[in-house]
Amino acid sequence: LAIQALGENCGIKSVSLVHPSMLELRDFEQAQGPVLLLTSKDDPELNEEFAVVKAKPFGQLSYQERYNDRIHGFCGARGDFSDPDVVRDVNRVIQLTAGFFRESLK
C-alpha cells in the first residue's frame, strides 16, 4: 500500500489514496508525509484515522474528500463513464490529485 511506503523512509514524499481499502490506524500513525484521502460511499470514512495525519507538521497539506454518491472503484474499472456525474467526479479527483502533488512535492 502507498501509505505504508510513506512511513518507510524510502523516498515517497506524499500519497493519494483514491477509494482506498485495507487501511489501519497504524498506517496513518506511521505516515511521514501529506496524504490525499478520497473515499466513496462503500469505503470506511476514516475520519479519526485521517485526523492523525492532519495533526502532524505536514497536516496542512493533507486533504480528505468523500464521494457519498459513488461506489468503490468509481475512478477505475468499476466506474460508469457513461454517467456524466461520474465523469464529473472522476475529473475532480484527477484535478485534486494533480493539485495535491503539485503542492506537496514542492
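Look through Phe50, Phe28, Phe100, Phe81 and report the one residue that is touching a Phe, Trp or Tyr at 6+ places or on another chain (Cβ under 7 Å), free of Cβ contacts under 8 Å to residues at least 24 places away in the same chain and of a type in the set (A, V, I, L, M, F, W, C). Just a single option satisfies the conditions, and that option is Phe50. Taking the residues in region 21-43 that are under 12 Å from the mean Cα position of the chain (by Cα) and in a loop (DSSP other than H, G, I, E, B) as candidates, determine which candidate is modelled with the highest pLDDT. Of everything passing the filter in region 21-43, Pro34 is modelled with the highest pLDDT.
Entry remark, region 70-106: residues being modelled with pLDDT under 95 and among the acidic types (Asp, Glu) number 1 in total.
If you go through region 53-93 and keep only what is assigned to a loop (DSSP other than H, G, I, E, B), of a type in the set (A, V, I, L, M) and either over 16 Å from the mean Cα position of the chain (by Cα) or loosely packed, with under 11 Cβ neighbours inside 10 Å (or both), you end up with Ala55, Ala77. Annotation: of all residues in region 1-20 being open to solvent by 60 Å² or more (accessible area, probe 1.4 Å) and over 16 Å from Leu61 (Cα atoms), the one that is modelled with the lowest pLDDT is Leu1.
Taking the conditions exactly as written (in contact with a helix residue (DSSP H, G or I) (Cβ under 8 Å, 6 or more places away or on another chain), open to solvent by less than 20 Å² (accessible area, probe 1.4 Å) and either within 22 Å of Gln95 (Cα to Cα) or in a strand (DSSP E or B) (or both)), does Phe50 satisfy them or not? Yes.
The values are calculated or read from the model by the stated rules, or taken from the named source; none is laboratory data. This structure is a prediction, so every number in the text was calculated from the model and none was measured. With ideal geometry, Cβ positions are generated from the backbone for all residues, glycine too; neighbour counts draw on all protein chains shown. Note: areas computed on protein heavy atoms with side chains; ligands, DNA, RNA excluded. Shrake-Rupley method; radii C 1.70, N 1.55, O 1.52, S 1.80 Å.
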